[in-house]
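Trainee: Below you will find the structure I want to go over with you.
The values are calculated or read from the model by the stated rules, or taken from the named source; none is laboratory data. Quantities reported herein were computed from a predicted structural model and do not represent experimental measurements. Methodologically, a virtual Cβ is constructed for each residue, glycine included, from the backbone with ideal geometry; neighbour enumeration extends over all protein chains shown. Just the protein is used for accessible areas: all its heavy atoms, side chains included, with ligands, DNA and RNA removed. Shrake-Rupley method; radii C 1.70, N 1.55, O 1.52, S 1.80 Å.
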Amino acid sequence: IFLLHKNQNREERPTEKQDIAALVTEAETAAPKLVLTQPRKNDRKKSDPSVISEDTAINGEVVSKGSLDIRGSIIGNVTKGDIVISGSVEGNISGENIDLKACKITGDLAAEGTIKIGKDTEIVGSMISKEIFVDGKVSGNISSSADAYFRQGAFVIGSVTTNMIAIERGGVICGEVT
């Protein structure tokens, strides 16, 4: 594993974060919305997600106030809560934590906590998060305010900005690392 710590004196790049935030805000106002809410506390455990099944396709924005498990396909933005995706999304995704499992995403990702990109996942778009784990293919820039981990299956075409980076043998980054 290769570790690189960001020099504390280097200038941050807030313009990338602002650009993605502006894209998400702009897209949120344009598409129709599907709002999913979790039942009251007594009706369901807090950890149970709302599920969009494999045979479901949604054209429009999806907003969940709780956890969301997307196994189907969505054309539109996905926002709020913890998000797990094993289907496909064409649109921007923002939430608390994002976990991508063998899926295809075309759009930008923004998470307050962690983004996990699993094996057999393909992303075309940039991402911003506190912590990022990559074990799939990414075509876009990656910005992590804390740590970025690239496993042996990681293949990234784009720049990486982070405070600390770890790259396993076999992990590939084709771009600038700062």
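Trainee: When you go through (1) surrounded by fewer than 22 Cβ atoms within 10 Å (Cβ to Cβ); (2) touching a residue at least 40 places away in the same chain (Cβ under 8 Å) one by one for Asp82, which number turns out not to apply?
Mentor: Asp82 satisfies all of (1) surrounded by fewer than 22 Cβ atoms within 10 Å (Cβ to Cβ); (2) touching a residue at least 40 places away in the same chain (Cβ under 8 Å) except (2).
Trainee: Say whether the condition of being over 22 Å from Val156 (Cβ atoms), modelled with pLDDT of 95 or more, part of a loop (DSSP other than H, G, I, E, B) and among the polar types (S, T, N, Q) is met by at least one residue in the stretch 72-80.
Mentor: Yes: the stretch 72-80 contains one or more residues that are over 22 Å from Val156 (Cβ atoms), modelled with pLDDT of 95 or more, part of a loop (DSSP other than H, G, I, E, B) and among the polar types (S, T, N, Q).
Trainee: Do we have Gly113 as at pLDDT 95 or above, small (Gly, Ala, Ser) and loosely packed, with under 15 Cβ neighbours inside 10 Å here?
Mentor: Taking the combined requirement at face value, the residue satisfies it.
Trainee: Among what's in the stretch 143-165 and is in a strand (DSSP E or B) and touching a Ser or Thr at 6+ places or on another chain (Cβ under 7 Å), pick the residue that is farthest from Ile115 (Cα to Cα). Steps first, please.
Mentor: Filtering the stretch 143-165 down to residues in a strand (DSSP E or B) leaves 143-150, 155-157, 160-161, 164-165.
Narrowing further to those that are touching a Ser or Thr at 6+ places or on another chain (Cβ under 7 Å): 143-144, 147-148, 157, 161.
Numbers: Ser143: 11, Ser144: 10, Asp147: 11, Ala148: 10, Ile157: 17, Thr161: 15 Å.
Ranking the qualifying residues of the stretch 143-165, first place goes to Ile157.
Trainee: Oh, and also: Conditions: (1) open to solvent by 10 Å² or more (accessible area, probe 1.4 Å); (2) more than 12 Å from the chain's Cα centre (by Cα); (3) of a type in the set (D, E, K, R). Asp99 meets all but one. Number of the miss?
Mentor: (2)
Trainee: Shifting gears a bit: Are any residues in the stretch 132-158 open to solvent by 20 Å² or more (accessible area, probe 1.4 Å) and under 16 Å from Gly107 (Cβ atoms), and if so, which ones? Walk me through how you get there before you give the answer.
Mentor: Narrowing the stretch 132-158 to residues open to solvent by 20 Å² or more (accessible area, probe 1.4 Å): 133, 135, 137, 139, 141, 145-147, 149, 151-153, 155, 157.
The answer is Lys137, Ser139, Asn141.
Trainee: If you don't mind, there's one more thing I want to ask. Within the stretch 90-128, how many residues are in contact (Cβ under 8 Å) with a residue 40 or more places away in the chain, part of a loop (DSSP other than H, G, I, E, B) and of a type in the set (Val, Ile, Thr)?
Mentor: Qualifying residue count for the region: 0.
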